[in-house]
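Participant: What follows is a structure written as structure tokens; I'll ask about it next.
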Amino acid sequence: MQDSKHDIHTGVDDNAVVIQQRKGSSGIKGIIENPYVFAVALFASLGGVLFGYDQGVISGVQEMETFMARFPMDSTTNGLVVSILELGAWVGAWIVGYFADKISRKYSIVLFSVVFLLGSSIQGGAQNVGYMFGGRFVTGMAVGALSMLVPLYQSEIAPPEIRGSLVSLQQQAVTFGILISFWIDYGTQFISNEAQWRVPLCLQIAIGVILGVGILFFPFSPRWLASVGRDEESLRVLAKLRRVPVDDPLAIAEWREIKATVEFDRRVQAEMYPDLVQQGTRTAAIKVNLLGYVELFRKGMFNRLFIACAIMFFQQFVGVNALIYYAPKIFQSVGLTGDTVSLLATGVVGIINFVLTVPTVLFLDSFGRKPMLLAASAFMTCCMIIIAVIVGMFSDDWENHTKEGWVAVVFVYIFIANFAYSWGPIGWVYGSEIFPLRARAKAMSISTSANWMCNFIIGLITPPMLDSIGYGTYVFFGCFCFISFFFVLFLVPETKGRTLEEMDAIFGGNSAAHDAELMAQVQQDVAAEPIPGVSKV
Ligand code: BGC
């Protein structure tokens with residue numbers, strides 16, 4: 001047994017040694033070695049299930065007879081009913097940051113689960129299309145907020161060596177949500193009354209309740225606790241998450257890292273805006289926060305923001321959600337007849353999307369980001385062109401060209417498979433790894449909202465495009481797949497295995513080098529401070 005007193009008073013060098021000696025494994029082994037953290041992250045990813053479920057469920061629901069009878073609408077209104085959820089999510093992604101810092105990540109998850117319950121109840125009980133708009137907008141706010149909160153919470157409880165895997169668990173959860181929603185739609189289409197669409201819309205309430213109530217039994221984020229000065233609790237939670245006693249050297253070393261990060265942010269602000277920070281008023285704090293956004297437009301930072309947002313733009317404009325939201329319509333457009341057949345074909349999209357995300361979640365850190373995006377863009381372009389050609393040639397006479405229709409379906413599947421291992425997960429991961437520490441949260445909220453705004457546009461324009469330009473819809477998305485290839489080739493640097501300091505060399509700017517110096521100083525100061533509450537243990 002080591003002498004805990006000795007460990008408690010270790011300096012910054014000893015701290016670094018303890019951290020370096022951390023023999024944690026990554027990948028599947030790392031997950032098995034951290035069952036409690038994994039369970040917490042898995043539970044939190046129910047937020048991702050809601051994200052996927054809500055996106056996917058509308059696809060089958062809007063094709064159901066009793067739904068169409070209750071809400072007769074043209075293709076533009078149809079597009080708006082689908083995409084207003086994404087507009088709500090855009091709003092949710094903007095406002096959630098405030099709550100996450102103010103009332104904690106955990107209580108924000110509770111709050112937005114309640115918002116989710118409200119929105120999904122309005123959707124499930126909708127009497128006219130107005131309810132549907134309102135319900136989907138409110139649900140969307142919750143979905144957008146959870147799309148920020150869950151990865152934030154997961155990354156803050158995770159040990160570094162499995163952080164990548166735990167964060168990409170979110171994308172796996174999204175695909176799982178889409179998958180179950182497709183199959184629930186498939187199952188309830190056989191009901192002949194309005195329960196046909198009300199049941200799938202109401203079932204999500206159960207997931208929302210489980211998330212909102214269940215998260216209360218899980219810990220606060222230790223980083224958030226440290227940021228509001230609840231140091232002793234922060235160390236206790238961390239030790240619990242790592243399944244070690246509070247005076248364990250590893251828990252203390254990691255806690256010191258967290259404390260240093262919090263202190264670092266404070267000093268950066270004091271250095272950049274000395275007058276405002278000295279004022280210490282609420283208005284000054286708001287100003288400092290807003291100035292953090294202005295910093296994102298400076299040299300060495302704006303190019304990162306541009307790339308992060310452009311990746312989100314292409315993640316949406318390659319057309320994946322045209323498939324997720326309107327798969328049954330698309331399958332009908334390539335000649336599949338009957339609701340059952342097209343919903344069945346849609347269910348298969350869900351399975352492929354889910355299964356092909358697994359390898360990336362497990363091996364993300366061994367594959368390069370760039371080759372995966374490039375390969376996927378090339379295949380996705382070919383798929384869209386082939387589908388466009390088949391639809392263009394045979395859409396007037398599917399009856400005599402069922403074989404060609406099935407070939408188009410297969411290419412829809414190949415398209416989704418390529419999206420699932422690449423743009424789906426990497427779109428979210430890339431933006432989270434290229435920014436220096438202090439700009440990360442703000443930059444991510446901008447790129448997340450860019451994602452939702454593009455998602456909204458796709459949801460809105462797809463039905464009128466399918467109606468008016470038919471095969472041109474696939475040409476349209478094919479063009480973006482094609483451009484995305486060259487965007488990645490020329491503008492997206494490989495980030496696999498790079499440290500924060502190396503990101504500066506790639507993107508320009510010197511913030512990381514300066515940050516490293518300041519961080520060393522902060523670490524030294526934090527190492528000299530006593531460890532809260534440990535003497536009482
Ligand atoms: C995207 C969603 C999309 C999903 C499909 C996510 O990465 O952000 O818009 O529906 O992937 O799996």
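The values are calculated or read from the model by the stated rules, or taken from the named source; none is laboratory data. The model shown is predicted, which means the values in this text are computed figures rather than measured ones. Cβ coordinates were reconstructed from backbone atoms using ideal geometry, including for glycine residues, and neighbour counts include every protein chain displayed. In case anyone asks, the SASA skips ligands and DNA or RNA and just uses the protein heavy atoms, side chains included. Shrake-Rupley method; radii C 1.70, N 1.55, O 1.52, S 1.80 Å.
Participant: Within the range 337-352, take every residue that is open to solvent by 10 Å² or more (accessible area, probe 1.4 Å) and under 18 Å from Cys383 (Cβ atoms) and give me the one that is nearest to the ligand (Cβ to nearest atom).
Facilitator: Step by step, filter the range 337-352, then rank; the result is Ile352.
Residue by residue, here is whether (1) without any contact (Cβ under 8 Å) to a residue 24 or more places away in the chain; (2) touching a Pro at 6+ places or on another chain (Cβ under 7 Å); (3) closer than 23 Å to Ala93 by Cα holds:
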{"position": "Leu149", "(1), (2), (3)": "no, no, yes"}
{"position": "Gln171", "(1), (2), (3)": "no, yes, yes"}
{"position": "Phe176", "(1), (2), (3)": "no, no, yes"}
{"position": "Trp183", "(1), (2), (3)": "no, no, no"}
{"position": "Ser192", "(1), (2), (3)": "no, no, no"}
{"position": "Ala195", "(1), (2), (3)": "yes, no, no"}
{"position": "Gly212", "(1), (2), (3)": "no, no, yes"}
{"position": "Ala239", "(1), (2), (3)": "yes, yes, no"}
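Participant: To continue, here is another question. Which pairs have Cβ atoms under 7 Å, sit 6 or more apart or on different chains, and link a residue in the range 441-454 that is without any contact (Cβ under 8 Å) to a residue 60 or more places away in the chain and more than 16 Å from Gln316 (Cβ to Cβ) to one that is open to solvent by 10 Å² or more (accessible area, probe 1.4 Å) and part of a helix (DSSP H, G or I)?
Facilitator: Correct list of pairs: empty, since none qualify.
Participant: Hey, Ser445 hits all of (1) small (Gly, Ala, Ser); (2) surrounded by fewer than 21 Cβ atoms within 10 Å (Cβ to Cβ); (3) touching a Leu at 6+ places or on another chain (Cβ under 7 Å) but one; which does it fall short on?
Facilitator: (3)
Participant: Given (1) more than 20 Å from Asn455 (Cβ to Cβ); (2) more than 16 Å from the ligand (Cβ to nearest atom), where does Met384 come up short, assuming only one miss?
Facilitator: Evaluating Met384 over (1) more than 20 Å from Asn455 (Cβ to Cβ); (2) more than 16 Å from the ligand (Cβ to nearest atom) leaves (1) as the failure.
Participant: To continue, here is another question. I'd like the full set of residues that are more than 13 Å from Leu50 (Cβ to Cβ) and in contact with a Ser or Thr (Cβ under 7 Å, 6 or more places away or on another chain), limited to the range 203-220.
Facilitator: The one that is more than 13 Å from Leu50 (Cβ to Cβ) and in contact with a Ser or Thr (Cβ under 7 Å, 6 or more places away or on another chain): Phe220.
Participant: In addition: With the range 231-345 as the region, which helices (runs of 4 or more DSSP H) entirely inside it contain at least 2 residues that are within 30 Å of Ser59 (Cβ to Cβ) and either out of contact with any Leu (no Cβ under 8 Å at 6 or more places or on another chain) or at pLDDT 90 or above (or both)? Steps first, answer last, please.
Facilitator: Values: elements: 231-242, 249-272, 274-279, 282-295, 302-317, 320-333.
Helices (runs of 4 or more DSSP H) meeting the threshold: 302-317, 320-333.
Participant: Considering only residues that are within 27 Å of Val348 (Cα to Cα), among the aliphatic types (A, V, I, L, M) and at pLDDT below 85, which ones fall in the range 146-168?
Facilitator: Correct list: Leu166, Val167.
Yes or no, residue by residue, for (1) surrounded by fewer than 24 Cβ atoms within 10 Å (Cβ to Cβ); (2) part of a helix (DSSP H, G or I); (3) away from the ligand (no atom under 16 Å from the Cβ):
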site: Phe137; (1), (2), (3): yes, yes, yes
site: Leu146; (1), (2), (3): no, yes, no
site: Thr175; (1), (2), (3): no, yes, no
site: Ile180; (1), (2), (3): yes, yes, no
site: Ile191; (1), (2), (3): yes, no, yes
site: Cys202; (1), (2), (3): yes, yes, yes
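Participant: Across the range 419-442, which residue is farthest from the ligand (Cβ to nearest atom) among those that are open to solvent by 10 Å² or more (accessible area, probe 1.4 Å) and at pLDDT 90 or above?
Facilitator: Per the criteria, the residue is Tyr421.
Participant: Which of the residues spanning the range 43-69 are among the aliphatic types (A, V, I, L, M) and either within 15 Å of the chain's Cα centre (by Cα) or in a helix (DSSP H, G or I) (or both)? Steps first, please.
Facilitator: Here is the first cut: in the range 43-69, the residues among the aliphatic types (A, V, I, L, M) are 44, 46, 49-50, 57-58, 61, 64, 68-69.
Those that are among the aliphatic types (A, V, I, L, M) and either within 15 Å of the chain's Cα centre (by Cα) or in a helix (DSSP H, G or I) (or both): Ala44, Leu46, Val49, Leu50, Val57, Ile58, Val61, Met68, Ala69.
Participant: Every residue in the range 441-461 that is in contact with a Ser or Thr (Cβ under 7 Å, 6 or more places away or on another chain) and under 21 Å from Arg136 (Cβ atoms), please. Please lay out each step first, then the result.
Facilitator: First, pick out the residues of the range 441-461 that are in contact with a Ser or Thr (Cβ under 7 Å, 6 or more places away or on another chain): 444, 448, 456, 459-460.
Those that are in contact with a Ser or Thr (Cβ under 7 Å, 6 or more places away or on another chain) and under 21 Å from Arg136 (Cβ atoms): Thr448, Phe456, Gly459, Leu460.
Participant: To continue, here is another question. Restricting to the range 478-497, count the residues that are within 13 Å of Phe379 (Cα to Cα) and buried (at least 17 other Cβ atoms within 10 Å of the Cβ).
Facilitator: Counting residues in the range 478-497 that are within 13 Å of Phe379 (Cα to Cα) and buried (at least 17 other Cβ atoms within 10 Å of the Cβ) gives 6.
Participant: Just wondering, is there one or more residues in the range 213-221 that are farther than 19 Å from Ile109 by Cα, of a type outside the set (Lys, Arg) and assigned to a helix (DSSP H, G or I)?
Facilitator: First pass over the range 213-221, keeping only residues farther than 19 Å from Ile109 by Cα: none.
Checking the range 213-221: not a single residue is farther than 19 Å from Ile109 by Cα, of a type outside the set (Lys, Arg) and assigned to a helix (DSSP H, G or I).
Participant: Does Pro72 meet the test of being open to solvent by 10 Å² or more (accessible area, probe 1.4 Å), modelled with pLDDT under 95 and not in a helix (DSSP H, G or I)? Working first, answer last.
Facilitator: Details: open to solvent by 10 Å² or more (accessible area, probe 1.4 Å): yes; modelled with pLDDT under 95: yes; not in a helix (DSSP H, G or I): yes.
So Pro72 fits the description; yes.
Participant: I've got another one for you. Collect the residues in the range 475-499 that are touching a Gly at 6+ places or on another chain (Cβ under 9 Å) and modelled with pLDDT of 95 or more, keeping them in residue-number order.
Facilitator: Those that are touching a Gly at 6+ places or on another chain (Cβ under 9 Å) and modelled with pLDDT of 95 or more: Val475, Phe476, Phe477, Gly478, Phe480, Cys481.
Participant: Here are the criteria: (1) aliphatic (A, V, I, L, M); (2) touching a residue at least 12 places away in the same chain (Cβ under 8 Å); (3) surrounded by fewer than 24 Cβ atoms within 10 Å (Cβ to Cβ); (4) more than 28 Å from Phe507 (Cβ to Cβ). Tell me which single one Leu364 does not satisfy.
Facilitator: Leu364 satisfies all of (1) aliphatic (A, V, I, L, M); (2) touching a residue at least 12 places away in the same chain (Cβ under 8 Å); (3) surrounded by fewer than 24 Cβ atoms within 10 Å (Cβ to Cβ); (4) more than 28 Å from Phe507 (Cβ to Cβ) except (4).
Participant: Between residues in the range 416-431 that are more than 17 Å from Ala378 (Cβ to Cβ) and residues that are more than 7 Å from the ligand (Cβ to nearest atom) and among the hydroxyl-bearing types (Ser, Thr, Tyr), which pairs lie under 6 Å by C-beta distance while being six or more apart or on different chains?
Facilitator: These pairs meet every condition: Pro425/Ser168; Pro425/Thr360; Gly431/Ser447.
Participant: Would you confirm whether any residue within the range 479-488 is under 22 Å from the mean Cα position of the chain (by Cα) and assigned to a loop (DSSP other than H, G, I, E, B)?
Facilitator: No; the residues of the range 479-488 include none that is under 22 Å from the mean Cα position of the chain (by Cα) and assigned to a loop (DSSP other than H, G, I, E, B).
Participant: Against the condition among the basic types (Lys, Arg), open to solvent by 60 Å² or more (accessible area, probe 1.4 Å) and either closer than 30 Å to Glu161 by Cα or within 16 Å of the ligand (Cβ to nearest atom) (or both), how does Arg266 come out, does it pass? Don't jump to the end; show me each part of the working.
Facilitator: On the way: among the basic types (Lys, Arg): yes; open to solvent by 60 Å² or more (accessible area, probe 1.4 Å): yes; either closer than 30 Å to Glu161 by Cα or within 16 Å of the ligand (Cβ to nearest atom) (or both): yes.
Taking the combined requirement at face value, the residue satisfies it.
Participant: Would you please list the contacts, defined by Cβ atoms under 9 Å and residues six or more apart or on different chains, that run from a residue in the range 289-310 that is open to solvent by 30 Å² or more (accessible area, probe 1.4 Å) to a residue that is of a type in the set (Gly, Ala, Ser) and not in a helix (DSSP H, G or I)?
Facilitator: Pairs found: Arg298/Gly509; Lys299/Gly508; Lys299/Gly509; Asn303/Gly508; Asn303/Gly509.
Participant: While we're on this one: When Pro151 is evaluated against the numbered criteria (1) open to solvent by less than 50 Å² (accessible area, probe 1.4 Å); (2) in a helix (DSSP H, G or I); (3) more than 30 Å from Gly431 (Cβ to Cβ), which criterion, by number, is the only one it fails?
Facilitator: Exception for Pro151: condition (3).
Participant: Look at Thr473 and say whether it is surrounded by 21 or more Cβ atoms within 10 Å (Cβ to Cβ), away from the ligand (no atom under 15 Å from the Cβ) and in contact (Cβ under 8 Å) with a residue 12 or more places away in the chain. Lay out the reasoning, then the answer.
Facilitator: Numbers: surrounded by 21 or more Cβ atoms within 10 Å (Cβ to Cβ): yes; away from the ligand (no atom under 15 Å from the Cβ): yes; in contact (Cβ under 8 Å) with a residue 12 or more places away in the chain: yes.
Yes: the conditions hold for Thr473.
Participant: Please state which one of Val82, Val49 is at pLDDT below 90, surrounded by 15 or more Cβ atoms within 10 Å (Cβ to Cβ) and within 16 Å of the ligand (Cβ to nearest atom). Please lay out each step first, then the result.
Facilitator: Values: Val49 fails: at pLDDT below 90.
Every option except Val82 fails the conditions.
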